[in-house]
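Q: Here's a structure for you.
The values are calculated or read from the model by the stated rules, or taken from the named source; none is laboratory data. Since the structure is predicted, the reported quantities are computational estimates derived from the model, not experimental observations. Cβ placement follows ideal geometry from the backbone for every residue including glycine, while neighbour counts extend to all protein chains displayed. Accessible surface is based on the protein model in full, side chains and every heavy atom, while ligands, DNA and RNA are left aside. Shrake-Rupley method; radii C 1.70, N 1.55, O 1.52, S 1.80 Å.
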Amino acid sequence: MNEIIHKPVLLKESIEALNVIPNEKYVDGTVGAGGHSCEIIKSGGIVLGIDMDPEALKIARKTLEDCSEAKTKRFTLEQENFANLREIAERNDFLNVSGILFDLGLSSFQLDYSPRGFSFKRAEPLDMRMDPSLGVTAADLVNGLTEGELYELFTKFGEEPFARLIARRIVTSRLSKKIATTSELAFLVEQAVGFRGRREKIHPATRVFQALRIAVNDELNNLRVVLPQALALTKSGGRVVVISFHSLEDRIVKNYFLEEGEKGTANVLTKKPVTATDEEVIENPRARSAKMRVIEKV
């Protein structure tokens with residue numbers, strides 16, 4: 001299990017992009033299992049790690065304790081939404097930091113071991129809350145939204161070409177029985193898409209699950225809110241590094257970085273996004289869709 005969950009994406013590239021300076025402070029806004037933070041600590045940095053998932057933080061704590069060779073504590077962890085970055089940084093005295101990292105993808109732990117329905121590979125409850133205390137689950141959306149609302153959700157957050165067919169199949173199916181598990185939803189999507197979905201490399205339900213997860217956790221709004229906070233917290237010469245996994249996230253990051261570059265508040269260090277090498281994709285297929293962008297504060 002440890003071998004799987006400690007495979008952070010674009011590890012070498014992101015640590016190089018952060019340009020870690022010994023004894024300087026860094027924020028890992030999506031600490032996950034702690035892989036990126038561990039490398040920051042090994043490079044001499046001091047880390048504030050943030051994550052919404054309490055189970056991921058348990059793993060991160062052990063990871064960072066194991067990789068911290070110095071006797072002095074080199075990390076602080078908080079279960080929080082990174083949308084509240086300014087408040088979190090203030091109460092932990094992490095102002096004027098030298099770098100901030102966001103790895104926006106689901107961790108291997110969440111996909112392979114979490115029982116909250118992030119993956120359709122197993123029959124699990126349709127939950128998808130990164131923070132279990134959040135009010136609305138994926139099941140609430142699937143069983144409560146109208147056909148039109150489901151269509152809009154799958155189109156807006158999943159860019160799903162068969163959104164209308166899928167929404168209609170869901171609404172018809174739930175008339176006789178609530179849709180409760182990931183496997184039930186994945187099967188309904190496959191039924192709705194039929195042979196059309198078999199032409200693609202990804203599973204037909206991938207974009208539907210993405211859309212539901214984004215909606216449940218308000219991921220795109222959180223990203224829009226945190227980027228200005230991150231740049232404001234970073235000292236001159238410090239860097240903000242963002243790894244995204246789908247076009248909706250990447251577009252938000254790209255546009256924000258370009259705007260700040262045009263205003264002269266930051267230099268965009270990645271004219272094109274950095275992607276995983278062929279070797280990394282072979283070792284970790286989840287890396288194939290990762291895109292990394294970097295800015296440096298002026």
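Q: Any idea which of (1) open to solvent by 30 Å² or more (accessible area, probe 1.4 Å); (2) under 18 Å from Arg129 (Cα atoms); (3) not in a helix (DSSP H, G or I) is the one Lys58 doesn't satisfy?
A: The failed condition is (3).
Q: If you don't mind, there's one more thing I want to ask. Please name all residue pairs, on different chains or six or more residues apart, with Cβ atoms under 8 Å, provided the first residue is in segment 54-70 and is of a type in the set (A, V, I, L, M, F, W, C) and the second residue is open to solvent by 30 Å² or more (accessible area, probe 1.4 Å) and in a helix (DSSP H, G or I).
A: Cys67/Lys42
Q: Would you confirm, using the coordinates I've provided, whether Val193 is over 21 Å from the mean Cα position of the chain (by Cα), more than 16 Å from Asp103 (Cα to Cα), part of a helix (DSSP H, G or I) and among the hydrophobic types (A, V, I, L, M, F, W, C)?
A: Values: over 21 Å from the mean Cα position of the chain (by Cα): yes; more than 16 Å from Asp103 (Cα to Cα): yes; part of a helix (DSSP H, G or I): yes; among the hydrophobic types (A, V, I, L, M, F, W, C): yes.
Yes, satisfied.
Q: Give, as residue ranges, the helices (runs of 4 or more DSSP H) completely inside segment 209-298 that count at least 3 residues that are open to solvent by less than 20 Å² (accessible area, probe 1.4 Å) and at pLDDT 95 or above.
A: Details: elements: 219-233, 247-263, 278-283.
Of the helices (runs of 4 or more DSSP H) lying wholly inside segment 209-298, those with at least 3 residues that are open to solvent by less than 20 Å² (accessible area, probe 1.4 Å) and at pLDDT 95 or above span 219-233, 247-263.
Q: Collect the residues in segment 11-35 that are touching a helix residue (DSSP H, G or I) at 6+ places or on another chain (Cβ under 8 Å), outside any loop (DSSP other than H, G, I, E, B) and under 16 Å from Arg74 (Cα atoms), keeping them in residue-number order. Lay out the reasoning, then the answer.
A: Keep residues of segment 11-35 that are touching a helix residue (DSSP H, G or I) at 6+ places or on another chain (Cβ under 8 Å), which gives 11, 14-15, 18, 20, 26-35.
Then drop every residue that is not outside any loop (DSSP other than H, G, I, E, B), which leaves 11, 14-15, 18, 26-28, 35.
Passing the criteria: Tyr26, Val27, Asp28, Gly35.
Q: Pick from Asp103, Asp127: which is over 30 Å from Leu233 (Cα atoms), within 20 Å of the chain's Cα centre (by Cα), crowded, with 19+ Cβ neighbours inside 10 Å and of a type outside the set (Lys, Arg)?
A: On the way: Asp103 fails: over 30 Å from Leu233 (Cα atoms).
None of the others qualify; the one that does is Asp127.
Q: For segment 128-152, name all the residues that are farther than 30 Å from Glu78 by Cβ and either at pLDDT below 95 or not small (Gly, Ala, Ser) (or both). Before you say what the answer is, go through the steps one by one.
A: Filtering segment 128-152 down to residues farther than 30 Å from Glu78 by Cβ leaves 142-152.
Val142, Asn143, Leu145, Thr146, Glu147, Glu149, Leu150, Tyr151, Glu152, listed by residue number.
Q: Only one of Lys156, Lys178, Lys201 is assigned to a loop (DSSP other than H, G, I, E, B), surrounded by fewer than 20 Cβ atoms within 10 Å (Cβ to Cβ), touching a helix residue (DSSP H, G or I) at 6+ places or on another chain (Cβ under 8 Å) and without any contact (Cβ under 8 Å) to a residue 60 or more places away in the chain. Can you tell me which? First the steps, then the outcome.
A: Numbers: Lys156 fails: assigned to a loop (DSSP other than H, G, I, E, B); Lys201 fails: touching a helix residue (DSSP H, G or I) at 6+ places or on another chain (Cβ under 8 Å).
Selected residue: Lys178, the only one of Lys156, Lys178, Lys201 that is assigned to a loop (DSSP other than H, G, I, E, B), surrounded by fewer than 20 Cβ atoms within 10 Å (Cβ to Cβ), touching a helix residue (DSSP H, G or I) at 6+ places or on another chain (Cβ under 8 Å) and without any contact (Cβ under 8 Å) to a residue 60 or more places away in the chain.
Q: Let me ask something additional. Within segment 17-49, track down each residue that is among the polar types (S, T, N, Q) and either surrounded by 19 or more Cβ atoms within 10 Å (Cβ to Cβ) or under 15 Å from Ala89 (Cβ atoms) (or both). Step through it out loud before you land on a result.
A: To start, the set of residues in segment 17-49 that are among the polar types (S, T, N, Q) comprises 19, 23, 30, 37, 43.
Result: Thr30, Ser37.
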